[in-house]
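Comments concern the structure below.
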Amino acid sequence: MRLAVGQMEPLLVDVHENLSKLRELLKEAEDNQVEVLVLPELCNSGYVFENLEEARFAAEEIPRGRFSEELRSWSKPDRLVVAGICEHTPQGLYNSAAVFAQGNHITTYRKIHLFLNERDWFSPGNEEPPVVEFKDAKFGVMVCFDWAFPETARVLTLKGAQVILHPSNLVLPYCQDAMVTRSIENSVYTATANRVGIERGIEFSGNSQITNTTGIRLTTLPRDEVGIAFVDIDPQAADGKMITKRNHVITDRKPELYTRLTETD
Ligand code: ACM
């Protein structure tokens, strides 16, 4: 199965320009027979808002908005795409990842772990991250800063994800390395699609990557270029879960000793 990450430089609050940047990446993915495509967080809006009005101005409803429509249309007849979207809802704004496959809107994940000032514009999602089935494989979805909470990738793995799709706008210098660890500790593929560029002094780190189930980087994009990178993967390779001949990363756990993980204070 051909899996790709698309690296983009959205312009802050310029939906029109971002739509044309999106179309270029979709075209490149189509020309390369990509079946599953991951795009960065907040690709319709940019990231470093100064106030709620800016975020509102760029936001769209999913799946009615223009980005959604473009993504839905690309997913026909037999592709899957997930992209980060600044989402408008009657309850407020969410930092969301929308999944489209085979011409349908499949699900929307609303980021649960908000980074820095995101909490000034976005409400946190309050639902478990989703796993979607596509062509006999299972794909989990999380967004950017969810990387810092290993519980997120673990929950996706326990729900059956073989590949974790990870739209991002990474700024801390070690996120890509953390995703290598998420791969190893869960024995899953990960696909992190990051953005590039500088917005209001905040620099994004590019280096979008795909890791395999043992944490090997199968492909990495440069720090500052837009474009896609793809590899052919076998999602069933994630089903083994043996980290040594005698150690299974899931069944060797001791959940009875981890009860603190679910204590809230
Ligand atoms: C981030 O969560 N965008 C750092």
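The values are calculated or read from the model by the stated rules, or taken from the named source; none is laboratory data. What you see is a predicted model; the values in this text were computed from it and never measured. Methodologically, a virtual Cβ is constructed for each residue, glycine included, from the backbone with ideal geometry; neighbour enumeration extends over all protein chains shown. For accessibility, only protein heavy atoms count, side chains too; no ligands or nucleic acids. Shrake-Rupley method; radii C 1.70, N 1.55, O 1.52, S 1.80 Å.
Converting phi to 3J(HN,Hα) with the Karplus coefficients 6.51, -1.76 and 1.60 and the offset θ = phi - 60°, the stretch 183-190 yields 4, 5, 6, 10, 6, 10, 6, 10 Hz in sequence order, with x at every glycine or proline. CYS175 contributes an accessible area of around 0 Å² to the protein surface, as traced by a 1.4 Å probe with all chains present.
Where both bridge residues fall in the stretch 74-230, DSSP classifies roughly 75% of the beta bridges as antiparallel. Of the residues TYR47, TYR174, the one with the largest accessible area comes first in the ranking TYR174, TYR47, computed with a 1.4 Å probe on protein heavy atoms. Rolling a 1.4 Å probe across all protein chains gives ARG195 an accessible area of roughly 0 Å². Using the Karplus relation 6.51 cos²θ - 1.76 cosθ + 1.60 with θ = phi - 60°, the per-residue 3J(HN,Hα) values for the stretch 121-128 come to 10, 9, 8, x, x, 10, 10, 3 Hz, with x marking Gly and Pro. Taking the chain as a Gaussian network of alpha-carbon nodes connected by springs under 10 Å, the highest mean-square fluctuation of the residues GLN176, GLN209, GLN91 belongs to GLN91. In this calculation the C-beta distance from GLU133 to LYS76 is compared with R0 = 25 Å, giving a FRET efficiency of 0.90.
Please label the shape of the stretch 76-155 as rounded, prolate or oblate, based on the square roots a ≥ b ≥ c of the eigenvalues of the alpha-carbon gyration tensor (a/c under 1.5 means rounded; beyond that, a/b larger than b/c means prolate, else oblate). It comes out oblate by the Cα gyration axes.
Remark: the stretch 208-217, residue by residue, has Karplus-estimated 3J(HN,Hα) of 4, 8, 10, 10, 8, 6, 10, x, 6, 6 Hz, where x stands for each Gly or Pro and the curve is 6.51 cos²θ - 1.76 cosθ + 1.60 at θ = phi - 60°. At full extension, LEU116 and THR264 could sit 51.2 nm farther apart than now, given 0.36 nm per residue minus the alpha carbon distance.
With all protein chains present, how much of the accessible area of the chain (probe radius 1.4 Å) comes from carbon and sulfur, to the nearest whole percent?
Working: 5840 of 12040 Å².
Carbon plus sulfur share of accessible area: 49 percent.
Where in the stretch 151-192 is the amide nitrogen less than 20 Å from a point lying 7 Å along the Cα-to-Cβ axis of GLU203? Once the point is set 7 Å along Cα→Cβ of GLU203, 168-178 turn out to lie under 20 Å by backbone N, inside the stretch 151-192. Amide H contacts of GLU199 (H built 1.01 Å from N, in plane; Pro and chain starts excluded): PHE204 sit under 5 Å, all sequence-distant by 5 or more or on other chains.
Using alpha carbons only, how many angstrom separate the centre of the stretch 84-100 from the centre of the stretch 137-206? Cα centroid to Cα centroid, the span is 18 Å.
Taken per residue, the accessible surface of the stretch 105-148 reaches 48 Å², heavy atoms only and a 1.4 Å probe. Heavy-atom accessible surface of ILE112, to the nearest 10 Å², is about 50 Å², with a 1.4 Å probe and all protein chains retained. Remark on LEU93: its backbone amide H falls under 5 Å from those of SER123, a criterion applied only to residues 5 or more positions apart or on other chains, H modelled at 1.01 Å from N.
Please compare each pair in LYS111/LYS159; LYS76/LYS138; LYS27/LYS241 to a cut-off of 26 Å on the Cα-Cα distance and tell me which ones are over it. Over 26 Å Cα-Cα: LYS27/LYS241. For ILE85, nonlocal amide neighbours, meaning residues 5 or more places apart or on other chains whose placed amide H falls under 5 Å from its own, are LEU42, CYS43, SER96, ALA97, ALA98.
FRET efficiency for the ASP232 to GLU185 pair, using the beta carbon distance and R₀ = 30 Å, is estimated at 0.80.
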